[in-house]
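Values in this text are rule-based calculations from the coordinates and carry no lab data. Not measured: the values here are computed from a predicted model. A quick note on method: Cβ atoms are made from the backbone with ideal geometry, for glycine too, and the neighbour counts reach across all protein chains shown.
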Amino acid sequence: MEGLDPSLTYGLAQNINPSNIILAPPTLYAADPAGKLPTTYNYQFSVQTKLPFNLILDTAFVGDLGRHLQDNRNLNPVPYGADFLPQNQDPTLSASTNGNSALQPNFLRPLRGFNQIALYESAATSNYNALQLNLTRRVGRILFFGAAYTWSKVLTTATTDTTYVRADNFTKIADYGPANFDRRQMLAFNYVVNTPNVSTGTRFTRALLNGWQLSGVTQIATGGPFHANVHDFRRQLAKYHG
């Protein structure tokens, strides 16, 4: 697919005419011909132990590996730092030290005559590793409960923003880090309490008060990773460099 936009470069508005407006360099979109499917490999090792007081403890090491995840790359980016090179400055603009006097991005791309060339490929990876503890008490007259604790880490080069296009292969390595859904520690409780039965009183009060249960679930988790808007910065940088 490609997008064609007519444009007038270095001209005046009153001079706009179909005869002097050219088609802008096309933006191309390509898909990886290999067509690899996203794949997940799971692994687990667990041990179950019976403890006193009708307690059962499950200890497990759980993990998975994600391969061939969606990853978008620009094959025709403006090289980093190109806006500051002397040979790329526009002589019709005042000299600037912040790159604002550089030529338009399409004059600085490696493949002249084209805008961005976005390649949609399956090249991102992820890995998840966790220690999981699960303590349960399934037999009891009054109290049934379960407690689960997970200590984990999720690292990936993928991003949840499928419109984000990185500029080169180097940013793939730079993007490797905690996923936005990474939660290092999680603690959860579930419990059921049988209320004591009333043996005195009328048949009506016993029918009303006996046989009740109290139950609930409580979950506590650490917060997500703080990236200091790194992805936003890279996204803006990619837009600035085209």
Separation of the Phe107 and Arg206 label points, Cα + 7 Å toward Cβ, nm: 9.7 nm
For the range 59-64, just list the computed ³J(HN,Hα) in residue order, Karplus coefficients 6.51, -1.76 and 1.60, θ = phi - 60°, integers in Hz, with x standing in for Gly and Pro. 10, 9, 10, 10, x, 8
Rel. contact order, % - alpha carbon contacts under 8 angstrom, at least six apart, the range 79-128: 28 percent
With label points set 7 Å from each Cα along the Cα-to-Cβ direction at Tyr80 and Met186, the distance between them in nm comes to 3.5 nm
Under 14 Å from a point 7 Å along the Cα-to-Cβ line of Val217: which residues of the range 146-160 have their amide N that close? 146-148
Per-residue HN-Hα couplings for the range 109-116, Karplus 6.51 cos²θ - 1.76 cosθ + 1.60 at θ = phi - 60°, whole Hz, x for Gly and Pro? 6, x, 9, 5, x, 10, 8, 5
Once amide H atoms are built 1.01 Å from N in the peptide plane, which residues 5 or more positions from Ala158, or in another chain, come under 5 Å H to H? Thr125
